[in-house]
Amino acid sequence: MPPSLEALKAELESVRTKAVQEIDAAKTPEAVEALRVRYLGKKGVLAGLMSHLRALPAEARPSFGQAVNALREALEDQIGARRAALEAAALEARLQAEAIDVTLPGEALAPGARHPLSQVIEAIEDIFIGMGYRIAEGPDVEWDTYNFERLNIPKDHPARDMQDSFYLTDEMLLRTHTSPVQVREMLAMAPRTPLKIICPGNVYRRDTDDATHSHMFTQIEGLVVGEGVRMSDLKGTLEQFARRLFGEETKIRLRPSYFPFTEPSAEVDVTCSACGGTGCRVCKWTGWLEVLGAGMVHPKVLEAGGYDPRRVSGFAFGLGVERIAMIKYGVDDIRQFYVNDARVLRSFVAC
Ligand code: FA5
């Protein structure tokens, strides 16, 4: 016997009650979707109820059809609302979980700083650039002729012992000082004047490493060539340099010395920056610190550089950057500059 309209409507109501409860109780969007398929799907509960339509008397069909469609719409609305509510809750939960507390303290980044030797080189460069000098550079691997011969140090000359060298071939070595850049620059510039350069760079010697010596260290060379350049120009330049680098009170003194490439030659001392010249442990109680070698360019060196020593003259000086940095930063062991220990390097930042 086909079901009566009343029976079908009663079933429709029980389906409504059950579906409304289940949709309300669904905890996830997936569960909601499963209910949609179960009740509203092609082979779902409502489709099953609709299949009885044909068995009903013709006058009852529209009312039952409308009732099923009304339930379909009601359930569709409820499912949509439930799904939206669940998705909103999930989004809210995710936002809560991913929330960033902008009031938490950040991680401090250690700022980098230039190496103390670079700081000293730049300070010295600035001073000489201010006096009209130009920066020149040469290769670390140098020809014997530029490193020695054209600087008036022939082969077998005893002065070669002053700078024990690393030879790569008979004619090529790691430069032992920055003076070969003088030769290169003179050859490039002669006979034009004035030539005013400073040349910073690494140099290499077969010295045993200790507190004041390193097999590789840094020098800055200075060279001026022009007409009428005199020893007093050299002294005035170095006085100005020392005052700018170590402070206005600084004085210098020149002691006679010997370099094959300068004549006359001098060792240059500055008043001790630790005690101001009264004597202390740093200056070994002399009040003076030796900082550089200097002199008037030897006529033979001018000639080897392409200049006529009867027409032009020049002065030159060469300083050890580490020595200056040790004085400036109060460092008592040169090896501190090469350890690459961030704690040591950090201690120079504030200087
Ligand atoms: C020279 O090298 C000369 N070319 C300097 C010069 C240039 C004189 C122009 C005249 C005219 P000297 O060998 O003295 O000179 O070295 C210069 C400086 O380098 C020294 O005063 C010292 O500060 C530094 N020095 C020398 N040997 C070492 C070493 N093994 N480790 C660290 N610094 C050194």
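The values are calculated or read from the model by the stated rules, or taken from the named source; none is laboratory data. Because the structure is a prediction, the values reported are computed rather than measured. Virtual Cβ from ideal backbone geometry, glycine too; neighbours counted across all protein chains shown.
In the set (1) in a loop (DSSP other than H, G, I, E, B); (2) among the aliphatic types (A, V, I, L, M); (3) under 24 Å from Phe148 (Cα atoms), Val331 fails one condition alone, (3). Looking only at the range 204-214, residues that are near the ligand (Cβ under 7 Å from one of its atoms) and either under 21 Å from Leu168 (Cβ atoms) or in a strand (DSSP E or B) (or both) come to 3 in all.
Taking each residue of the range 312-327 that is in contact (Cβ under 8 Å) with a residue 40 or more places away in the chain and among the acidic types (Asp, Glu) and looking for partners that are part of a helix (DSSP H, G or I) and more than 8 Å from the ligand (Cβ to nearest atom) with beta-carbon atoms closer than 9 Å, six or more apart or interchain, yields Glu322/Leu117; Glu322/Val120; Glu322/Phe337. Residues satisfying the criterion are present in the range 160-167 (criterion: among the acidic types (Asp, Glu) and touching an Asp or Glu at 6+ places or on another chain (Cβ under 9 Å)). Residues in the range 276-293: is at least one within 15 Å of the ligand (Cβ to nearest atom), of a type in the set (Asp, Glu), modelled with pLDDT under 95 and assigned by TED's automatic domain parsing to the domain that holds Ile327? Yes, the range 276-293 contains a residue that is within 15 Å of the ligand (Cβ to nearest atom), of a type in the set (Asp, Glu), modelled with pLDDT under 95 and assigned by TED's automatic domain parsing to the domain that holds Ile327.
No other residue among Val225, Val229 is under 30 Å from Tyr167 (Cβ atoms), at pLDDT 95 or above and more than 10 Å from the ligand (Cβ to nearest atom) apart from Val225. Summed over the range 185-210, residues that are surrounded by fewer than 20 Cβ atoms within 10 Å (Cβ to Cβ) and farther than 15 Å from Val229 by Cβ total 9. Can Leu12 be described as in contact (Cβ under 8 Å) with a residue 12 or more places away in the chain and either farther than 19 Å from Gly80 by Cβ or not in a helix (DSSP H, G or I) (or both)? Yes, satisfied. Candidates Pro264, Pro309, Pro256, Pro260: the one that is free of Cβ contacts under 8 Å to residues at least 12 places away in the same chain and closer than 30 Å to Ala188 by Cβ is Pro309.
Scanning the range 176-193 for residues being more than 10 Å from the ligand (Cβ to nearest atom), within 35 Å of the chain's Cα centre (by Cα) and either in a loop (DSSP other than H, G, I, E, B) or among the acidic types (Asp, Glu) (or both) gives a total of 1. The single condition among (1) closer than 18 Å to Ala304 by Cα; (2) within 13 Å of the ligand (Cβ to nearest atom); (3) in contact with a Leu (Cβ under 8 Å, 6 or more places away or on another chain) that Asn152 does not satisfy is (3).
Screening the range 262-288 for residues that are within 16 Å of Lys251 (Cβ to Cβ) and among the acidic types (Asp, Glu) and picking the one that is surrounded by the most Cβ atoms within 10 Å (Cβ to Cβ) gives Asp269. Look at (1) of a type outside the set (Val, Ile, Thr); (2) more than 11 Å from the ligand (Cβ to nearest atom); (3) surrounded by 15 or more Cβ atoms within 10 Å (Cβ to Cβ) and you find that Met296 fails only one, number (2). Taken across the range 137-148, residues that are in contact (Cβ under 8 Å) with a residue 12 or more places away in the chain, more than 12 Å from the ligand (Cβ to nearest atom) and either within 26 Å of Arg244 (Cβ to Cβ) or of a type in the set (Gly, Ala, Ser) (or both) do occur, with at least one present.
The residues in the range 59-94 that are more than 25 Å from Thr28 (Cα to Cα) and either β-branched (Val, Ile, Thr) or surrounded by 13 or more Cβ atoms within 10 Å (Cβ to Cβ) (or both) can be counted, and the count is 6.
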